[in-house]
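The next block holds one structure in the form of structure tokens; read it before the comments.
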Amino acid sequence: MTDKDQYKIRKEPFYQAQGKEVALYEAAYVARLPVMIKGPTGCGKSRFVEYMAWRLGKPLITVACNEDMTASDLVGRYILEANGTRWLDGPLTTAARIGAICYLDEIVEARQDTTVVIHPLTDHRRTLPLDKKGELIEAHADFQLVISYNPGYQSLLKDLKQSTKQRFTAFEFDYPDAQLEIGIVAKETGTDEALAGKLVKIGRTARNLKGHGLDEGISTRLLVYAATLIKGGVEPRDACRMALVRPITDDADIRDTLDHAIDATFA
Amino acid sequence: MSEAPTAYEHPLMKGYREQLSCGFPQVAEVFEDCMAEALSVLSREGIDAYLEYARFLCKMGRGVEPVLIFLEEWPTIATTLGESALPAISDFIRKMWKSPNGRAIVPFLQSLAATSRRLHSQEQMQDYMNLALAFMERTTGSIHGIHTTFASPGLPEFFTHSPYLLNQVSIAGLKNWVEYGIRNYGDHPERQQDYFSLQSADSRAMLQKERHGTLLVDNERKLDLYLRSLWQTDAHFVPYSLKFDELRKPIPYYDQLGIRLPDVYDDLILPSPPQGEGESDRLPAGEIVISGLDRYRAVLAHIVGHRRWTTAIFADNYSPFQRMAIEFFEDARVEALAMREYPGLRRLFIKLHPKPVEDACDPESTSCLRHRLAMLSRALLDPRHGYCDAQLLDFTQRFHDLMAQGESSTEAIASLALSYVAKTRRQSDQFAKVHFDNTEVDYRDDNRHLWRFHEQSDDEEMFDDHRKIELEEEELQGLPPRHYPEWDYNSQTYRPDWASVYEALHPKGNPAHIDQLLIKHAALAKRLKRMLDLLKPQDKVRIRYQEEGSELDLDVALRSLIDFKSGATPDPRINMSHKTSGRDIAVMLLLDLSESLNEKASGSDQTILELSQEAVSLLAWAVDKLGDPFAIGGFHSNTRHDVRYLHIKGYSEHWDDEVKGRLAAMEAAYSTRMGAAMRHAAHYLQAQKADKKLMLILTDGEPSDVDTKDERLLIEDARQAVKELDQKGIYTYCINLDPKADEYVADIFGKQYTVIDNIQRLPERLPQLFIALTK
Ligand SMILES: Nc1ncnc2c1ncn2[C@@H]1O[C@H](COP(=O)(O)OP(=O)(O)O)[C@@H](O)[C@H]1O
Ligand SMILES: [Mg+2]
């Protein structure tokens, strides 16, 4: 059998709660309700799930979804071997068998036919049919399904089906408010709050441009990157350009404006 | 002065006078003064050359002016350029003299001191003269091919304006500007004069283009982004021009209609880092450059500061001095608050703020209040101001103490300003002569928003509001034209702001007419519908031969397995997957509505216009079914000054009676200036958020217009427009109804076109084409 422990999170991840989400998640877990976390990229969704898995002492299996992903990538498939074919469980199947929290990150990236396979796992049945193998798996008592997605930039074509959405309880995450975000950046990287404050300030200037040429602003994750670079001795303005501005845009006007915001923020 | 050699004259001076030997009495009058100056700056040989050349000018038969100007100006010019510049200049003058352009000599000489100050070196002066020479050769006597009989009409104007021109543009820019004028007005004496005397609009536009510096129009988006991202606000920008009045420079300001900003800011180059500069700059010592863009940002930061933190106060109770002081203090306050948000702003403000020298103003003779306030203002901004005046230091401290408590307020800062005026008052503040030097803070607005006046009654305000509404209505009815450049293939350059496009709503007819057309084509519509259903998103495509896929492709897998068992290398691509075709296309249909559409289509009793109408109705219906964002515009033109763009359907409008009504009223007239219409339509399409942007152009002939003799010109311009659109991510496609289109359509659209020779089938072909294009 698969070794559960390899999916356990050993060390407490740092997670700064923004509200009551920890308690609410615990309640959802007790009832084994599926959870959906909405929010922009890099705002702490994955970190939250990781933290909760640690807190609950359960294994965590994370799948980063993408558009090439198919149902077989989740469930499993036959593979060719020297003397015939052999079945290989996919991550969803593994999680259901061993009783892990299965986290499908950025689920809308996956194609719609893919998402349908999770349906039977999300209602009272808690089963997973492996059609090709002719097996029906009963999910382990500890199993829970968590999905995340970013409602911000997807096109209409990429939205989750209503029938899928209706199967989840949901959290709506966003970038934390300035004070909290400063705390996160400082704690996560060990920089002082003054510097973290400047980074957060720059992050917020970019978020103001959402819908005006930027699909998304600068994420908390990128702020953490910038702080890490500065910690490592990179000149702050260079670090900001590299970690905050260049990754998010190819639009020269926006780049110029954000570069100016960096200059204006550092005295 | 009296007539000359009455009394004693120094023998040396007498010798010079003889050397010059010029009989004009006006020369005699100024000779001694000129010589005095010449002797102080020219060498011995220089003096000889000076007199000798003056003598030539005196005798060349163009009156007294040339020699007079030369005598007066040369010493100054020689100090700027060096006296060795004379041979080249005299050579140039000689050339003008020998041509029919003698009349240009005086303006040339008259402007020479100023131009040499601009040009600064003999090499640059040589460039300038070469430029003028080429100008002269190309515009002299070129009218109707008659040889060298007429003088260049533009040359004297050019010389007259050259100091101004060189103030605006580099020699290279000047050259382009001249080139443009000669090319377009070489054989129009009057228009040439208008151009070179900066009278004509395109002359100014062209000059503007050649200017160094940052144009507001080029940077509106950046500034808009600046306001949004750093200040979470937005504004309408209204440019004003600094260019043609050099004396009184307008100052930025804002009101309900927007923020007024200069149309262009030059980069500012400061000779050396001002003292008190914070950290060391990355630039090489000796030069600090503030880009035009940053100057705009500084103005905006200042104005945003006012918009956030200033509340207007009553002006009536204050003297002009008090108001001036209040303005300086309030400006400093809002900047202090802005710098709290963005500390880096201080660097920018400090660079732009003047730094008056402490004892530059003499209070015995001059009103120094302005000077004192400018110093104080500097001190409030710049911790390293280095001033020593006790009162200045005291008030700087009080200002900072006040600000340390919070945001303070306009009221509170005004009372600090008043006590400053009271404390530092001087009798001489009343003097008429005001020390102005180095006291203007040019990134600050004029503070008109700061003041309220008791006497303005409600009635007046209401009147103003009323007027505003009227104005807005007027604007809606007749939008001002938008100007677009046009490509001149001869010179491979753009003619800036060449075509004026007026946009208007297409008049409305009876929408039922369009419904009838659709009924007429019901069978066709049915067929189209089936094709459309295929196009709709979510239809899956199977992709076979995938190494990684969603499912095993049994056929392939078996074959592979057999290969494998029999010892051959199996094909590992045994899976297949499915793909959904996403659809994210915005479409613009641009209709040629020129006169020729009124002709009957060959082999039909319908006009091309009628057939187009049917086709467009079907297409619009089809696209509406698909749900792609879709707009329709029509165009025609009557010279470059009057290109009309008729709005038929906008992206936000539905395929409803309003739109059908406009389609029903479609009419054809005038000519086809295609490039301008495409650029204008692109403007809307570009603003759409879509992966793919498609512009369909439905036309029945080649681009042409009544004011353009050269057929190639508008074809080449349209081709250029296609290139521009391509760079903007817009795919253009032409549906051409002209059977002879092959001669030109590929030149414009490359491979992106179809010629429909059987126009009767247009209603069927147009939607099909669209479907094929977007599959
Ligand atoms: N609330 C939070 N507590 C701790 N770290 C956070 C928090 N939010 C964001 N981060 C930081 O941002 C990074 C990106 O967060 P992540 O959870 O990966 O984003 P998401 O899954 O939303 O795209 C994390 O690695 C962490 O450094
Ligand atoms: Mg994540």
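The values are calculated or read from the model by the stated rules, or taken from the named source; none is laboratory data. Just so it is clear, the structure is predicted and the values come from calculations on it, not from any experiment. Glycine also receives a Cβ, built like all others from the backbone with ideal geometry; neighbour counts cover every protein chain displayed.
Quick notes on this one:
- Just one of the listed residues (A:214, A:244, A:209, A:180) is farther than 30 Å from residue A:24 by Cα and either modelled with pLDDT of 95 or more or within 16 Å of ligand 2 (Cβ to nearest atom) (or both), namely A:244.
- For residue A:175, the conditions (1) of a type in the set (Phe, Trp, Tyr); (2) within 12 Å of chain B (Cβ to nearest Cβ); (3) surrounded by 22 or more Cβ atoms within 10 Å (Cβ to Cβ) are fulfilled apart from (2).
- Whenever a residue of the stretch A:97-126 is touching a residue at least 24 places away in the same chain (Cβ under 8 Å) and within 14 Å of chain B (Cβ to nearest Cβ), its partners that are within 16 Å of ligand 2 (Cβ to nearest atom) and not in a loop (DSSP other than H, G, I, E, B), lying with C-beta atoms within less than 7 angstrom and at least six residues away or across chains, give the pairs A:108/A:149; A:115/A:107.
- Yes/no for residue A:188 being within 16 Å of ligand 2 (Cβ to nearest atom), of a type in the set (Asp, Glu) and outside any helix (DSSP H, G or I): no
- On inspection, residue A:209 qualifies as facing chain B (nearest Cβ under 9 Å) and either within 20 Å of residue A:150 (Cα to Cα) or more than 16 Å from ligand 1 (Cβ to nearest atom) (or both).
- Checklist (1) surrounded by 18 or more Cβ atoms within 10 Å (Cβ to Cβ); (2) farther than 25 Å from residue B:119 by Cα applied to residue B:38, failing item: (2)
- Subset of the stretch B:631-667 [hydrophobic (A, V, I, L, M, F, W, C) and within 21 Å of residue B:512 (Cα to Cα)]: B:631, B:632, B:646, B:648, B:655, B:659, B:663, B:664, B:665, B:666
- Out of A:69, A:36, one residue alone is hydrophobic (A, V, I, L, M, F, W, C), more than 23 Å from residue B:554 (Cα to Cα) and touching a residue at least 40 places away in the same chain (Cβ under 8 Å). It is A:36.
- If you go through the stretch A:21-44 and keep only what is of a type in the set (A, V, I, L, M, F, W, C) and away from ligand 1 (no atom under 16 Å from the Cβ), you end up with A:27, A:28, A:30, A:31, A:33.
For (1) surrounded by 15 or more Cβ atoms within 10 Å (Cβ to Cβ); (2) at pLDDT 90 or above; (3) under 22 Å from residue B:493 (Cα atoms), each residue gets a yes or a no:
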{"residue": "B:131", "(1), (2), (3)": "yes, yes, yes"}
{"residue": "B:136", "(1), (2), (3)": "yes, yes, no"}
{"residue": "B:141", "(1), (2), (3)": "yes, no, no"}
{"residue": "B:159", "(1), (2), (3)": "yes, yes, no"}
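- Residue match in the stretch A:34-53 (condition: within 28 Å of residue A:137 (Cα to Cα), in a loop (DSSP other than H, G, I, E, B) and in contact with a helix residue (DSSP H, G or I) (Cβ under 8 Å, 6 or more places away or on another chain)): yes
- Taking (1) outside any helix (DSSP H, G or I); (2) within 14 Å of another protein chain (Cβ to nearest Cβ) in turn, residue B:220 satisfies each apart from (1).
- Residue ranges of strands (runs of 3 or more DSSP E) in the stretch A:63-118 with at least 1 members within 17 Å of the chain's Cα centre (by Cα), at pLDDT 85 or above and within 16 Å of ligand 1 (Cβ to nearest atom): A:101-105
- Test: residue in the stretch B:665-672 that is in contact (Cβ under 8 Å) with a residue 12 or more places away in the chain, in a strand (DSSP E or B) and not acidic (Asp, Glu): yes
- Only residues that are more than 14 Å from every other protein chain (Cβ to nearest Cβ), more than 15 Å from ligand 2 (Cβ to nearest atom) and more than 23 Å from residue A:185 (Cβ to Cβ) were counted across the stretch A:50-76, and they come to 4.
- Verdict on residue B:372 being modelled with pLDDT of 95 or more, part of a helix (DSSP H, G or I) and over 37 Å from the mean Cα position of the chain (by Cα): yes
- Some residue of the stretch B:75-93 being in a helix (DSSP H, G or I), out of contact with any Leu (no Cβ under 7 Å at 6 or more places or on another chain) and more than 26 Å from residue B:126 (Cβ to Cβ): no
- Against the numbered list (1) within 14 Å of another protein chain (Cβ to nearest Cβ); (2) within 13 Å of ligand 1 (Cβ to nearest atom); (3) basic (Lys, Arg), residue A:47 comes up short only at (1).
- Taken over the stretch B:724-754, residues that are within 30 Å of the chain's Cα centre (by Cα) and of a type in the set (A, V, I, L, M) amount to 3.
- Residue in the stretch B:409-416 that is under 40 Å from the mean Cα position of the chain (by Cα) and either at positive phi or assigned to a loop (DSSP other than H, G, I, E, B) (or both) present: yes
Residue by residue, here is whether (1) assigned to a loop (DSSP other than H, G, I, E, B); (2) at pLDDT 80 or above; (3) within 8 Å of chain A (Cβ to nearest Cβ); (4) farther than 24 Å from residue A:73 by Cβ holds:
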{"position": "B:548", "(1), (2), (3), (4)": "yes, no, yes, no"}
{"position": "B:557", "(1), (2), (3), (4)": "no, yes, yes, no"}
{"position": "B:561", "(1), (2), (3), (4)": "no, yes, yes, no"}
{"position": "B:571", "(1), (2), (3), (4)": "yes, no, no, no"}
{"position": "B:576", "(1), (2), (3), (4)": "no, yes, no, no"}
